[in-house]
Amino acid sequence: SAVISQKPSRDICQRGTSLTIQCQVDSQVTMMFWYRQQPGQSLTLIATANQGSEATYESGFVIDKFPISRPNLTFSTLTVSNMSPEDSSIYLCSVEGLAADNEQFFGPGTRLTVL
Amino acid sequence: AQSVTQLDSQVPVFEEAPVELRCNYSSSVSVYLFWYVQYPNQGLQLLLKYLSGSTLVKGINGFEAEFNKSQTSFHLRKPSVHISDTAEYFCAVSRRTGGGNKLTFGTGTQLKVEL
């Protein structure tokens, strides 16, 4: 299994500002994923971050709004840019397990409120 | 494309009663199936997964699920629930892509166990 931590755990931000969320894993992983969970809803994949290459974004998500960095095999950041109240969500990162069993491990999430 | 349907948004049940949370999926290719649990203010934890082999899968905390290919279902069951099982349950499917295993989640079922 993988142990994942996220910082910050929660934040309250003003409209128009940006927030960078950090995701740290206790082991080296190839793929890291960023999800958004809007209030009362399910998880939606934002992008896949592979170390050494540009992140791959899902339909409806763009790099200008959600820039992602993946500087090494244990760390990634997601920035929520020019925030609006509609960005209020829980943001979760996940990683694939080391075994070839397709399991993903999730971080505890970052609860973002935009005023 | 793949999708997941969780028909029940909320399931109330008394403690020690059995419960079934329903999940149906659609996909044009073979998929892997998962159930995740999210306790209040926490990240997601894997309950169980179906990759191949036996269609009856046993997971943690006494949960089990049965993969039914003909009905494209993967319902989650527990013969006797406990108050501590109160949580949000997500069914998910994944498919292998060049960008890793991408998970598609259902909308979730809130299980509320009452005394």
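Read-outs: derived from the displayed coordinates by stated rules, not from any lab. The structure presented is a predicted model; accordingly, all values stated were derived computationally and were not measured. Don't worry about glycine lacking a Cβ; one is built from the backbone with ideal geometry, like all the others, and counts go over all protein chains shown.
Tell me which residues come under 5 Å, amide H to amide H, from B:Thr107 once H is placed; ignore anything under 5 positions away on its chain.
B:Gln6
With a cut-off of at most 12 other beta carbons within 10 Å, and DSSP calling the residue loop, which trypsin sites (Lys or Arg not before Pro) in segment B:28-93 qualify? Please list them.
Passing both the DSSP loop test and the Cβ count: B:Lys69.
What size of dipole, in debye to the nearest 20, comes out for segment B:2-114 about its Cα centre when the only charges are +1 on Lys and Arg C-beta atoms and -1 on Asp and Glu C-beta atoms?
Using only the charged Cβ atoms, the result is roughly 620 debye.
Check B:Lys112: other-chain or 5+ apart residues with amide H under 5 Å from its amide H, H built from backbone geometry?
Answer set, sorted by chain and number: B:Val11, B:Val13.
Considering only the other residues whose Cβ falls under 13 Å of the Cβ of A:Phe75, what net charge follows from Lys and Arg at +1 and Asp and Glu at -1?
On the way: positive: A:Lys7, A:Arg70; negative: A:Asp26.
Surrounding charge for A:Phe75 is +1.
Taking a threshold of 29 Å on the Cα-Cα distance, which of the pairs A:Lys7/B:Lys58; A:Lys7/B:Lys78; B:Lys58/B:Lys112 fall above it?
Too far apart for the 29 Å limit: A:Lys7/B:Lys58; A:Lys7/B:Lys78.
Based on Cβ point charges of +1 for Lys and Arg and -1 for Asp and Glu, what charge dipole magnitude is obtained for the protein assembly as shown about its Cα centre, in debye rounded to the nearest 20?
340 debye
Let me see the P(r) profile for chain B: every Cα-Cα distance counted, bins of 10 Å, each bin given as a percent of all pairs.
Bins of 10 Å from zero give 15, 48, 30, 7, 0 percent of pairs.
Tally Lys/Arg at +1 and Asp/Glu at -1 over every other residue whose Cβ is under 15 Å from the Cβ of A:Leu112; what's the total?
Combined, the nearby Lys, Arg, Asp and Glu give +3.
Read phi for every residue in segment B:80-89 and hand back ³J(HN,Hα) as whole Hz from Karplus 6.51 cos²θ - 1.76 cosθ + 1.60, θ = phi - 60°, with x for Gly and Pro.
8, 8, 10, 3, 5, 7, 4, 5, 9, 10
Just to confirm a number: summing +1 for Lys and Arg and -1 for Asp and Glu over residues other than A:Asp87 whose beta-carbon lies under 11 angstrom from that of A:Asp87, what do you get?
Local charge sum for A:Asp87: +2.
How large is ³J(HN,Hα), in whole Hz, for each residue of segment A:81-94 in order, when computed from phi with the Karplus curve 6.51 cos²θ - 1.76 cosθ + 1.60 and θ = phi - 60°, using x for Gly and Pro?
9, 6, 5, 10, x, 5, 7, 4, 6, 9, 10, 10, 9, 9
What size of dipole, in debye to the nearest 20, comes out for chain A about its Cα centre when the only charges are +1 on Lys and Arg C-beta atoms and -1 on Asp and Glu C-beta atoms?
380 debye
How would you rank B:Phe34, B:Phe14, going from fewest to most other Cβ atoms within 10 Å of each one's own Cβ?
Ordered from fewest to most neighbouring Cβ atoms within 10 Å, B:Phe34, B:Phe14 come out as B:Phe14, B:Phe34.
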